[in-house]
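The values are calculated or read from the model by the stated rules, or taken from the named source; none is laboratory data. Quick caveat: nothing in here was measured; it's all calculated off a predicted structure. A quick note on method: Cβ atoms are made from the backbone with ideal geometry, for glycine too, and the neighbour counts reach across all protein chains shown.
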Amino acid sequence: MDTPAVGGLFRNVTRAAKPIVLFLLVALVVAGVAGWSLRNRGFKAQSIPLGGGQLTLASVQGGHFHANPFDTPWKLWFARIPPAWISRLKISFPKAIQNSGGSDTNAFLTCWFTWNTNFSAAGAMPGNSALGIHVADDEGNVFGSVQGAGANGTTRANNPWEAHRLNIVPRRSEWLRILVSDSPWSGKSLGEFRVRNPLWDRDSAPFAGNAIPTTSASDDLEATLERFTVVTNRILPQYGKHTARLEFTLRQRGQTTTNWVAYHVASVRDATGNAGDGNSWNHGWDNQRAFVQFSQYPLPHDEPWSMDIEFCQRGGFPTNEVWELKGLQIARAYDGSYPSQSRTNHGSRITLSPVVPDPNGRDFGSGNTNTPVRVLAKLSVDKAPDARRWHTTIVSATDDLGKDVTSNAWSGGDDTREFGFELSPGARSIDLKIAYAPSRMIHFVAKPVPIPAKR
């Protein structure tokens, strides 16, 4: 067959295929709009009075993808397609909230609000959320909160809207109470909405929890969970103080030890899909027990939680693993006036930058001898020896006036940490002992004991 004939055949086939392609595109759009309509037809918007107008809860959605109900249906359908696929179409995508991956793989809840009044929110700033949102069940148990909107904007009627994501929801409850305040940070109550729970779970069997005390181990470190409590039912001004607390006794190589701390609740989840972490490094020792407690809202407390607790070593290191530095003078800044120092530990190169004044403390060298001297020491590591989570730790710290100023309060990441110390007034140098060690992750499944908050 000659070339012109082939070209003609190709044009005829292409011409015949165009209606089919067009039909398929139209069918996809119709199906997308219909699917969106079916998903949202069960929710009826609710409103409460607000500043001479109304605050409206326009949509409550549960799942992994949450579309903006204030946009047009055809745009909502296109918002479900990865933008890179159709970026050439120059479509203005509506804002949506999608699952972020990683540890956030479970379905979550979003609440979408709008208001038609000149409402002056206590926490409102351009580009930030105006409302504080909390979720409770019909029994009054408050479980989840959110301090910032996942997305916000303006409706076609020129009214502000914002969406709030909640990862922790009482999924055993058929109904939810959405509590609204006038600030993302413990504001005044504006009212509440009662809605059917789109994440209602009647079927998942709870985890099989172990009776407390319960013991788990990692290598030669054995941890016994002695006490597990959660404070419940706090009222509005106290929302941010919900706390779950875990207390442990520890043994290493068969011997009781206080060389470790229960550093962090790295992950926590229940059988219904609530998941998160303790969101806090509030830990220490109290009454011969290592404790760690949450700073965020805990999970519903009426069934067991599955938890991974990170334990970090603070003492008991072999002498050859401790890096000892004496008489570290306080530099005025990271300006090269004092050299950095390095050492190899477990095959990793650790570098200590010069010790410098904390910019949030008093001016070093100002002559004020009555104020504690606050300083910072930065430790950097080139690479971890293996896949475990390794960390630098301050074994001890002593200033030149003999005061023990040991602290493991730090900022930064695993590879670079800046430790803060409060020295005696008039101190000029500091002695440090530094170690580098892997943490231990220990798993527990247990049910907390609820402690009602004091009213």
Handout entry: Residues that are surrounded by fewer than 18 Cβ atoms within 10 Å (Cβ to Cβ) and closer than 30 Å to GLU303 by Cα, drawn from the range 409-444
Key = MET441, HIS443
Fill in the blank from the handout: By residue number, the members of the range 341-361 that are surrounded by fewer than 16 Cβ atoms within 10 Å (Cβ to Cβ) and either at pLDDT below 90 or under 20 Å from ASP400 (Cβ atoms) (or both) are GLN341, ASP358, PRO359, ASN360
Exercise for the section: Return a yes/no flag: does the range 159-168 have any residue that is crowded, with 17+ Cβ neighbours inside 10 Å, assigned to a loop (DSSP other than H, G, I, E, B) and either hydrophobic (A, V, I, L, M, F, W, C) or not assigned by TED's automatic domain parsing to the domain that holds ASN287 (or both). Expected result: yes
Exercise for the section: Look through the range 279-302, keep the residues that are within 20 Å of PRO438 (Cα to Cα) and buried (at least 20 other Cβ atoms within 10 Å of the Cβ), and return whichever of them is modelled with the lowest pLDDT. Expected result: HIS283
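A quick yes/no check of all residues on (1) over 30 Å from SER47 (Cβ atoms); (2) in a loop (DSSP other than H, G, I, E, B); (3) of a type in the set (Val, Ile, Thr):
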{"position": "SER173", "(1), (2), (3)": "no, yes, no"}
{"position": "LEU179", "(1), (2), (3)": "no, no, no"}
{"position": "SER183", "(1), (2), (3)": "no, yes, no"}
{"position": "GLU192", "(1), (2), (3)": "no, no, no"}
{"position": "VAL195", "(1), (2), (3)": "no, no, yes"}
{"position": "LEU199", "(1), (2), (3)": "no, yes, no"}
{"position": "ASP203", "(1), (2), (3)": "yes, yes, no"}
{"position": "ALA208", "(1), (2), (3)": "yes, yes, no"}
{"position": "ALA217", "(1), (2), (3)": "yes, no, no"}
Problem - Long-range neighbours under 8 Å by Cβ, at least six apart or interchain, first residue over 16 Å from TRP200 (Cα atoms) within the range 42-68, second modelled with pLDDT under 90 and basic (Lys, Arg) - result: PHE65/ARG80; HIS66/ARG165; ALA67/ARG80; ASN68/LYS95
